[in-house]
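Contents: one structure, followed by commentary.
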Amino acid sequence: MERKPLALANWKMAMTVDQGLTYVRTMQADLGGLLNIIDLVICPPATALWPLSQHVRGTPIALGGQNLAPTDDSARTGEISADLLADAGCQYVMLGHWETRRYQGDTDETINAKVHLALKSRLIPILFVGEAHDQDGPVCAALEQQLATMLRDCRPERLEDMVIVYEPESAIGQIAPPSPEHVCTGYECIRNWLSTTCGPAIAESIRIIYGGSVTPEHALQLLECMDGLGATRRGRDAAIFADIVRQIAYAKGGFGSPAP
Ligand code: PGA
């Protein structure tokens with residue numbers, strides 16, 4: 001089955017409203033019709049969500065939150081709920097990034113609670129899965145264990161639109177991503193687990209993309225197995241990320257040429 005390729009820009013704690021609007025205008029001018037064949041999801045800081053959502057409304061560009069609170073009880077100073085993200089114009093929400101595990105106390109269990117809250121508010125989860133930097137033992141076992149807990153009690157038919165990002169912790173913030181063999185092994189483990197757990201039809205509809213030190217130079221080799229790519233440093237630079245999006249369109253749909 002054909003899965004629509006996806007490009008994810010996670011800006012983390014950077015980009016002012018003005019910078020974000022300039023970025024989006026540059027992407028729209030650079031990519032034109034290619035934006036119709038790729039799902040481009042931008043996850044800005046929460047402060048920029050509303051102005052950006054006004055700008056991208058009615059266009060193919062979608063927005064996502066970077067995290068949400070593990071409860072919908074509003075007594076959570078400084079946090080953000082799934083309903084509030086949806087209200088600010090998000091269609092997606094990132095869950096389980098390594099930084100929310102390391103700095104904000106996320107565990108597979110809290111991520112599971114967040115997946116349920118996201119689905120309840122009709123947000124599409126972008127679920128991060130990847131081995132820890134000090135992980136011993138086979139990569140597949142680590143990924144399967146994360147998936148089993150993070151998706152516990154989710155009805156498979158609710159997961160059809162879900163996006164999974166395979167991102168090993170040690171791959172973040174490096175000069176280059178790991179080898180294509182490493183990345184494709186992760187992809188296969190995740191796809192096989194989904195197939196066994198959700199059934200082949202639903203598993204086939206779920207996009208699995210790669211994140212962690214993605215560069216334009218490495219994009220084509222990563223796309224040999226992946227349905228798309230996600231980036232932060234190169235995802236904040238409109239010219240470089242447009243280059244990555246062009247390569248996704250070329251590798252996954254035969255559109256255009258990989259060169260800028
Ligand atoms: P990077 O960050 O693209 O700058 O390596 C990726 C991430 O933290 O998800």
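Values quoted throughout were computed directly from the atomic coordinates according to the rules given, and no laboratory measurement underlies them. Note that this is a predicted model, so its numbers are computed, not measured. In this analysis, Cβ positions are derived from the backbone assuming ideal geometry, glycine residues included, and neighbour counts consider all displayed protein chains.
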(Q) Students often forget the sequence filter, so: which aspartates and glutamates lie under 17 Å Cα-Cα from Lys4 once same-chain residues fewer than 8 apart are removed? (A) Asp39, Glu160, Asp161, Glu204, Glu224, Asp227
Q) Stretched out fully, how many nm does the piece from Gln54 to Thr71 gain, at 0.36 nm a residue minus the Cα gap? A) 3.4 nm
Q | Student exercise, the chain dipole from Lys, Arg, Asp, Glu Cβ charges, in Debye to nearest 20 | A | 660
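In what sequence do Val214, Val139 fall when counting other Cβ within 10 Å, fewest first?
On the way: Val214 29, Val139 16.
Going from sparsest to densest Cβ surroundings: Val139, Val214.
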**Q.** Nitroxide proxy distance, nm - points 7 Å out along Cα→Cβ at Glu2 and Lys120
**A.** 3.7
Q. Within the stretch 161-203, what residues put their amide N at less than 17 Å from the label point 7 Å along the Cα-to-Cβ vector of Arg233?
A. 168-179
Q.
Residues of the stretch 220-259 with the amide nitrogen closer than 13 Å to a label point 7 Å from the Cα of Ala29, along Cα-to-Cβ, please.
A. 238-239
Q: Compute the distance in nm between two label points, each set 7 Å from the Cα along the Cα-to-Cβ direction, one at Gln221 and one at His133.
A: 2.3
Q: Using a Gaussian network model of the chain whose springs link C-alpha atoms within less than 10 Å, name the residue from Arg236, Arg152, Arg102 with the highest mean-square fluctuation.
A: Arg102
Q | Percent RCO, i.e. relative contact order, over the chain, from Cα pairs under 8 Å lying at least 6 residues apart | A | 21
Q.
Just to be sure I understand: with springs between alpha-carbon atoms less than 10 Å apart, which residue in Asp153, Asp30, Asp108 has the highest mean-square fluctuation in the Gaussian network model of the chain?
A. Asp153
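How many percent of Cα pairs in the chain exceed 33 Å?
Working: 4188 of 33670 pairs.
Considering the chain, 12 percent of its Cα-Cα pairs are separated by more than 33 Å.
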Q: Would you order Asp18, Asp87 from fewest to most other beta-carbon atoms within 10 Å of each residue's own beta-carbon?
A: Asp18, Asp87
**Q.** Gained length - Thr149 relative to Thr16, 0.36 nm times residue gap less alpha-carbon distance
**A.** 44.3 nm
Q) Please state the equivalent ellipsoid semi-axes for the stretch 106-249: what are the square roots of 5 times the Cα gyration tensor eigenvalues, largest first, in whole Å? A) 24, 17, 15
